[in-house]
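The values are calculated or read from the model by the stated rules, or taken from the named source; none is laboratory data. No experiment lies behind these values; they were computed from the predicted model shown. Every residue, glycine as well, gets a Cβ built from its backbone with ideal geometry; the counts of neighbours run over all protein chains shown.
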Amino acid sequence: MAALINNVDGANKLAGVVDAENPRALPCGGVDEDDVLSQRANWLRAAVLGANDGLVSTASLMLGVGAVKADARAMVISGFAGLLAGACSMAIGEFVSVCSQRDVELAQLDRDGKRGGEEEKALPSPVQAAVASALAFSVGALVPLLAAGFIRDYRLRIGVVIALATATLAAFGCVGAVLGRAPVARSCARVVTGGWAAMGVTFGLMRLFKASGI
């Protein structure tokens, strides 16, 4: 009886019958190319979002400091501190999150009796996710740092940081829209508007603090 079942199962795979438990699985154990492309797109989208976070948070921090103090060195130091703090925070948060997800999936494999070397290798790596998240954040944070590091004039420095941040945000919006198959113009406008809001609120509030003498 077991042999008959195995023969029928093998015939179904050869005939192209879809696995009921995994509809995307291809006959004879093949890999669905759409799944591979989808996974790569998800990784790229996460990288774009991480870089966007690094750009907006660091630019906002630098503009906030610039609203109180016109010293270029103070802006650069605050931006570099923001890069380090943000990258470490992103890495630790991603590491803890992926570890928790991995523990849940391993427990499920144990309950199903399917835990093995191949199954464990297929699970996400906490270290890889942490490094990728930190690098993405750092890449975005470097944009305003490089923009402000070589400009001494205060007004020009603020203008260049805002202009370069705006252009980079628009680029991030385009990439995110292409990866998510969303309208490009709407995505760019949303990302740029959100970045402007963050930078404007930070600069404005810190300007109020300076005016009030706090």
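Structure values in brief
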read-out: Counted residues, the stretch 99-117 - those being free of Cβ contacts under 8 Å to residues at least 12 places away in the same chain and either part of a helix (DSSP H, G or I) or surrounded by 14 or more Cβ atoms within 10 Å (Cβ to Cβ) (or both); value: 11
read-out: Any chance V96 is surrounded by fewer than 16 Cβ atoms within 10 Å (Cβ to Cβ) and in contact with a Phe, Trp or Tyr (Cβ under 8 Å, 6 or more places away or on another chain); value: no
read-out: Hey, L123 farther than 20 Å from V56 by Cβ and not β-branched (V, I, T) or not; value: yes
read-out: Verdict on A141 being surrounded by 18 or more Cβ atoms within 10 Å (Cβ to Cβ) and either farther than 21 Å from G50 by Cα or modelled with pLDDT under 90 (or both); value: no
read-out: Residue among A148, A182, A165, A130 that is closer than 18 Å to R45 by Cβ and surrounded by 15 or more Cβ atoms within 10 Å (Cβ to Cβ); value: A130
read-out: Selection count where residues are within 12 Å of A72 (Cβ to Cβ) and surrounded by 13 or more Cβ atoms within 10 Å (Cβ to Cβ), scope the stretch 151-162; value: 6
read-out: Any pair with Cβ under 8 angstrom, 6 or more apart, that starts in the stretch 142-167 at a residue that is charged (D, E, K, R) and ends at one that is in a helix (DSSP H, G or I); value: R152/A72; R157/G66; R157/A72; R157/M75; R157/A147; R157/A148
read-out: Hey, F80 surrounded by 13 or more Cβ atoms within 10 Å (Cβ to Cβ), more than 30 Å from D153 (Cβ to Cβ), of a type in the set (F, W, Y) and modelled with pLDDT of 90 or more or not; value: no
read-out: Flag if A141 is touching a Gly at 6+ places or on another chain (Cβ under 9 Å), of a type in the set (A, V, I, L, M) and not in a helix (DSSP H, G or I); value: no
read-out: Any hit, the stretch 186-193, residues being touching a residue at least 60 places away in the same chain (Cβ under 8 Å) and either under 21 Å from the mean Cα position of the chain (by Cα) or assigned to a helix (DSSP H, G or I) (or both); value: yes
read-out: Boolean, A177 is small (G, A, S), surrounded by 13 or more Cβ atoms within 10 Å (Cβ to Cβ) and modelled with pLDDT of 90 or more; value: no
read-out: Index of the failed condition, F172 passing every other in (1) more than 12 Å from A59 (Cβ to Cβ); (2) of a type in the set (A, V, I, L, M, F, W, C); (3) at pLDDT below 90; value: (3)
